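Trainee: Input: one structure, supplied below.
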Amino acid sequence: MRLHQLIRSLSPRRTFATTTMPHPGFVGKCVLAPMVRSGELPMRLLSLKYGADAVWSPEVVDKGIIGCERVVNEKYGTIDFVKGNLAPQGGKPDERIVFRTLPAIEKEKLIFQIGTANPELAVEGAKIVAKDVAGIDVNSGCPKHFSIHSGMGAALLKNPDNLIAILTSLVREVGTPNSLPISVKIRLLDTLEETLSLVERICSTGVCRITVHCRTTPMRPREPAIRSQLSAIASLCHAHNVQCYANGDIKSVTDAEAVIAEHGVDGAMIATAAEANPSCFRSEGLLPWKDVVDEYFRTAIEVGHYFSNTKFSVAHLVPGKASIYQELAKTKTFEAMAGVLGVEYVSTEEDRMREPQQKVKGPKPNPPGSAKVTKSMQRSQKATGMVKPRGENAQNAQHGDGLVRAVSSSPNGERKENGQQQQGKKRSEREGSVERKQMTDNQNKRQKILEEPTKRQRSRERLSVAEDMGSKMSEAF
Ligand SMILES: Cc1cc2nc3c(=O)[nH]c(=O)nc-3n(C[C@H](O)[C@H](O)[C@H](O)COP(=O)(O)O)c2cc1C
């Protein structure tokens, strides 16, 4: 499908009767939640196509977007925020894209979510995307170590002064000058009083919307969302002319309507249900998963999406018990994936560039335990997905073929001298052998699972593939 067809195929906006007050930005009530990895461009486009009123970007950390160059990509009609130093010369071009948007479809409906613990960095990061999005949202709910150890995400709930400083700066320096709504996504605190006192302070910053993930920070995703505080939070928000959106266990547009009606919130946000089938935004009900997967694949190709994330999302869209699941898990190219799906597809040079490299050219990696790891070796390892990219936006980066092989270089890094040399070598050899053993163990485990596709094994394989693809992230929020 060509770009103009994609645009034409968008569903008309749906509006619900609610207590909402007029506000700048999009009008609409049922939206796609921010989701690292799962909320990339094709998933956002599909959600809009099926009826989502707005879509949140995956969280991008302030330092990840700062320093990006804004590149208009005429081939795909996208705007790419590209970081030069992510993939040094020789790296695959897509590894440099920190954030990609398709303005023809998304611009009025895309909220960019930023991860931050610092007002100045938040402002600097938000300014980079301000002209290309419909709002900026601050993530104040992620409980995962990578967020909270640096004061971001849910850590901001424990440091409200900093959260307020961030939101105030964003409203003053990015929101007001660009007429851009600023919002925040929080979690519940332990008591209603604590939550309301935080919400009251947030409302005074000039934000337009607070989304409440109806779980407390320690709660895991599988624990049912708590809705008992919602009505009180919504009333307080409305008293300050701030919108309140609910999130947590909302599975469909019908659920969204029910939550809006019952709790008086202005909108509802869907995450995991949309990750599994974005047609949950359709008023008419879910489409069969196969139709959605095929559409996802076509959209991914249409917008030049990268292979590993395409595979990651397909793994969520295809039920584990589906007969093609195992086959899909083994694919390493778009062509192979199209073959398994039975979708018409002609491979192009650009598509092949976004697939995992099969052969590594250039210097061979030193054997584990050897001292020197050159820059070009690191590049080769990164290109093959053997090491995670470094840097603050590694969280948003891709992992080669989507099957991350954790191989680290010797931690002593440099060659040991004289007396220490022998000792260092032994230690390196020990570490090398542990790494080799772990790799072999992992390979054996995977092989065994693939050879015995019983029902139990299939579910283990699903878990293993999903873990390899980084879906531990799901546990994060
Ligand atoms: C794969 C995945 C990635 C997520 N990434 C983010 C994120 O980047 N920012 C954020 O605020 N929440 C993130 N979340 C949390 C969701 O936005 C949402 O709050 C949570 O899943 C609860 O909604 P649900 O019950 O509809 O799944 C993520 C959730 C999942 C499953």
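Trainee: Using 0.36 nm per residue of separation minus the Cα-Cα distance, give me the extension gain between Ser197 and Lys321 in nm, one decimal.
Mentor: Answer, rounded to one decimal: 40.0 nm.
Trainee: Counting other Cβ atoms within 10 Å, which GluC sites (Glu not before Pro) in the range 262-301 have at most 16 and lie in a DSSP loop?
Mentor: Passing both the DSSP loop test and the Cβ count: Glu284.
Trainee: Something else: First measure r as the distance between the Cβ atoms of Met353 and Glu69, then evaluate 1/(1 + (r/R0)^6) with R0 = 22 Å and state the FRET efficiency to the nearest 0.05.
Mentor: Rounded to the nearest 0.05, the efficiency is 0.70.
Trainee: Over the C-alpha atoms of the range 289-353, what are the Rg and the largest Cα-to-Cα span, Dmax, in Å?
Mentor: When restricted to Cα atoms, the range 289-353 yields Rg and Dmax of 10.7, 33 Å.
Trainee: Counting only residues 5 or more places away or on other chains, whose amide H sits under 5 Å from the amide H of Arg209 once H atoms are built in the peptide plane?
Mentor: Val184, Gln243
Trainee: Further question on the same structure: Near the amide H of Leu189, under 5 Å away, which other amide H atoms are found, from residues 5 or more places off or on another chain, if H is placed in the peptide plane?
Mentor: The list, which skips near neighbours in sequence, is Thr195.
Trainee: Over the range 3-281, consider all pairs of different Cα atoms and compute the Kirkwood hydrodynamic radius from their mean reciprocal separation; express it in Å, one decimal.
Mentor: Radius from the Kirkwood sum: 18.7 Å.
Trainee: Students often get this wrong, so check it: of Lys75/Lys251; Lys29/Lys107; Lys185/Lys332, which have C-alpha atoms separated by over 27 Å?
Mentor: Lys75/Lys251; Lys185/Lys332
Trainee: For the range 192-286, go through all pairs of different Cα atoms, get the mean of 1/r, take its inverse, and jot down that Kirkwood value in Å.
Mentor: Roughly 13.8 Å, rounded to one decimal.
Trainee: Neighbouring Cβ atoms within 10 Å as the yardstick, rank Arg352, Arg209, Arg227 fewest first.
Mentor: Ranked by crowding around the Cβ, least crowded first: Arg352, Arg227, Arg209.
Trainee: With Kirkwood's inverse mean 1/r over C-alpha pairs for Rh, give me the Rg to Rh ratio of the range 142-239, two decimals please.
Mentor: Radius of gyration relative to Kirkwood radius: 0.97.
Trainee: Then there is this: Within a 10 angstrom radius of the beta carbon, how do Cys142, Cys208, Cys30 rank from fewest other beta carbons to most?
Mentor: Fewest to most other Cβ atoms nearby, the residues stand as Cys208, Cys142, Cys30.
Trainee: Could you calculate the contour length gain from Asp291 to Tyr345, that is, 0.36 nm times the residue separation minus the distance between their Cα atoms, to one decimal place in nm?
Mentor: Separation in residues times 0.36 nm, less the Cα-Cα distance, equals 17.9 nm.
Trainee: Further question on the same structure: Which of Arg44, Arg222 comes first, and how do the rest follow, when ranked by fewest Cβ neighbours within 10 Å?
Mentor: So the ranking, lowest neighbour count to highest, is Arg222, Arg44.
Trainee: Please sort 309-318, 52-61, 198-207 by packing, taking for each peptide the average over its residues of neighbouring beta carbons within 10 angstrom, highest first.
Mentor: Output ranking for 309-318, 52-61, 198-207: 52-61, 309-318, 198-207.
Every number in this text was worked out from the coordinates using simple rules, so none of it is lab data. Quick caveat: nothing in here was measured; it's all calculated off a predicted structure. When we count neighbours, we look across all protein chains shown, and the Cβ atoms used for this are built from the backbone with ideal geometry, even at glycine.
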